[in-house]
1. Please report the relative contact order for segment 165-264, taking Cα pairs under 8 Å with a sequence separation of at least 6, and give it as a percent rounded to a whole number.
2. In square angstrom, what is the accessible area per residue of the chain with a 1.4 angstrom probe?
3. Assuming R0 = 25 Å, what is the FRET efficiency of L213 and I238, from their Cβ-Cβ distance, to the nearest 0.05?
4. Would you list E112, E72, E262 from the most to the least accessible area, probe 1.4 Å?
5. Taking 7 Å along the Cα-to-C-beta vector as the label spot, tell me the E72-V18 distance in nanometres, rounded to one decimal.
6. For segment 86-179, with the dipole built from +1 on Lys and Arg beta-carbon atoms and -1 on Asp and Glu ones, taken about the Cα centre, which of L97, L166, M133 lies farthest toward the positive end?
7. Which Rg and Dmax, in Å, describe the Cα atoms of the chain?
8. Where does the chain land at 222 nm, in deg cm²/dmol rounded to the nearest 500, when only DSSP H runs of n ≥ 4 count, each adding -39500 (n - 2.57), divided by all residues?
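The values are calculated or read from the model by the stated rules, or taken from the named source; none is laboratory data. All of these numbers come straight from a predicted model, not from anything done at the bench. Positions of Cβ are generated from backbone atoms using ideal geometry, with glycine treated the same way; all protein chains shown enter the neighbour counts. For accessibility, only protein heavy atoms count, side chains too; no ligands or nucleic acids. Shrake-Rupley method; radii C 1.70, N 1.55, O 1.52, S 1.80 Å.
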Amino acid sequence: MIGLLAAVFEPPSTKDFVFGCWGGSFKLFGFDTCFNFIIMLVVLTTIIVVTLFYLSLRRPAVVPGKFQLLAELGVDFVRENVAVPMLGQDAAKFMPLLASFFFFILIANLFEVMPGFSLSANSRLAFPFVLAMVSWVTYNAVGIKRHGFFGYLRHTCIIPAAPGWLRYSLLMVIEFVSNIIVRPITLTVRLWANFLAGHFLLAIFFLGTLFFLETGPKTWLLAAFTYPLAIVLVGFEIFVAALQAFIFAVLSASYIGQAMAEEH
């Protein structure tokens with residue numbers, strides 16, 4: 001039986017993340033690109049986020065309707081749990097950025113569990129990288145504006161409490177690599193890896209269930225085991241979708257707050 005399963009069942013692979021072009025390709029900033037399934041997910045995510053807030057807040061009322069109430073609850077959540085704790089009195093300046101991060105990532109992640117899509121654009125490395133670079137440019141630009149270029153490097157890379165010989169040698173290099181180079185990488189990989197792994201897990205359990213059902217009565221018992229696990233994983237992916245959106249927004253706010261701080 002094990003041999004039969006291994007011979008017939010085709011597990012998901014990296015080929016699941018390769019999509020052909022819809023129509024011809026074109027040049028964008030010198031690179032060949034085209035409209036495909038992944039680009040469609042990004043466009044849909046953008047449309048949903050913009051439409052949600054446009055319909056909710058175009059005519060704000062004292063007694064909010066359903067859409068306005070939903071939007072206000074979402075924005076209040078970001079303000080009270082992300083912006084204010086990390087940025088204090090500067091929270092309002094960065095609310096548009098942080099709210100955009102949270103809701104764009106959340107909606108993009110939820111496509112992972114939507115029937116007919118079953119994939120998040122964040123499972124492709126390029127899109128988490130672009131979001132991470134927006135965060136990286138923002139907190140570095142804010143830090144340079146606050147402290148000046150060399151003042152920001154000193155603020156970021158030098159630990160005043162450390163002994164002098166360590167402060168200007170090993171620790172300075174470690175702090176530079178950690179704060180300037182590693183941060184955008186960790187922001188990218190954390191978001192990308194979660195949804196790459198999530199896609200594989202969901203695909204394995206749902207495809208496995210279909211395989212067991214189609215193989216015959218002898219494997220139906222296995223399907224009765226894999227299908228409930230697949231449903232549990234869907235719920236878990238919804239939780240991870242919200243959690244990763246929250247973590248990305250919190251870390252971005254934290255980096256901005258650290259860049260603006262007066263002390264290391």
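1. Once normalised by length, the contact order is 22 percent.
2. On the way: 15250 Å² over 264 residues.
With the other protein chains kept in place, the chain gives 58 Å² per residue.
3. The pair L213/I238 has a calculated efficiency of 0.50.
4. E262, E72, E112
5. Inter-label distance under the simple model: 5.1 nm.
6. Result: L166, furthest along the dipole toward the positive end.
7. My reading of the Cα-based Rg and Dmax gives 22.8, 73 Å.
8. -23000 deg cm²/dmol
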